[in-house]
Amino acid sequence: MILNDDPQECADNYEKLLIKGFASKDSVKLPMFDLILLGCAPDGHVASLFPNQDSLREDYAWVIPVEDAPVGPSKRITLTVPVICHSHRVVFVVEGATKAPVIRDIMERPDKGLPASIINERAAGRIAWFVDDDALTDVMVTKRRYKFLVNNTKSNEDSNI
């Protein structure tokens, strides 16, 4: 895909590419990614979806342009909330004390104008949060410890070295 100065054209081209990859195999209303990995900014924006923007109410497009992002590049494209929430698994990775207020809002006082809150609610049951202790300051959540598995077996290639 060639990027240009027209975010709408880029969004349309990327959506066509996704439709070709997903919809040609099955009759699907939305693509189903195996995993969508997200961060969360201190203002609660996620994947170029910003708080209280009209883009949060998009229900039909898979990909939309962002023409006036308040931070970073002003022109970009993003997946829509329904596409993100339709994934088999949505994972947030969040760290740092600057994120603590927004994490508290997402977990304790969900906000309909906050993209991370919307995704957390709509993808319920398929969502996981990996959050460091600094970002969980004063947040009332149940913490679980996960075990990380490492495959220590040598592959055939390694055994020939």
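Every number in this text was worked out from the coordinates using simple rules, so none of it is lab data. Bear in mind the structure is a predicted one, so any value in this text is a computation, not a measurement. Please note: Cβ atoms are built from the backbone with ideal geometry, for glycine as well, and neighbour counts cover all protein chains shown.
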Q) For LEU37, all conditions in the list (1) part of a strand (DSSP E or B); (2) in contact with a helix residue (DSSP H, G or I) (Cβ under 8 Å, 6 or more places away or on another chain) hold save one; what is the number of the exception? A) (2)
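How many of the residues making up the range 8-34 are outside any helix (DSSP H, G or I) and within 23 Å of GLY125 (Cβ to Cβ)? I'd like the intermediate steps shown before the answer.
So in the range 8-34, the residues outside any helix (DSSP H, G or I) come out as 23-34.
Subset that is within 23 Å of GLY125 (Cβ to Cβ): 26, 28-34.
The qualifying residues number 8.
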Q | Matching strands (runs of 3 or more DSSP E) fully within the range 50-100 where at least 1 residues are within 19 Å of GLN8 (Cβ to Cβ) and among the hydrophobic types (A, V, I, L, M, F, W, C) | A | 63-66, 76-79
Q) Cβ-Cβ below 6 Å, separation at least six or inter-chain, first residue in the range 88-109 and on the phi > 0 side of the Ramachandran plot and in contact (Cβ under 8 Å) with a residue 12 or more places away in the chain, second of a type outside the set (Lys, Arg) and assigned to a helix (DSSP H, G or I): which pairs? A) GLY96/ASP134; GLY96/ALA135
(Q) Return the pair list, or none, for Cβ contacts closer than 9 Å from residues in the range 4-22 that are touching a residue at least 60 places away in the same chain (Cβ under 8 Å) to residues that are of a type in the set (Lys, Arg) and surrounded by 12 or more Cβ atoms within 10 Å (Cβ to Cβ), at least 6 apart or on different chains. (A) ASP5/LYS75; PRO7/LYS75; PRO7/ARG76; CYS10/LYS75; CYS10/ARG76
**Q.** Pairs with Cβ under 9 Å, 6+ apart, first in the range 128-146 and hydroxyl-bearing (Ser, Thr, Tyr), second surrounded by 10 or more Cβ atoms within 10 Å (Cβ to Cβ) and not in a helix (DSSP H, G or I)
**A.** TYR146/PHE130
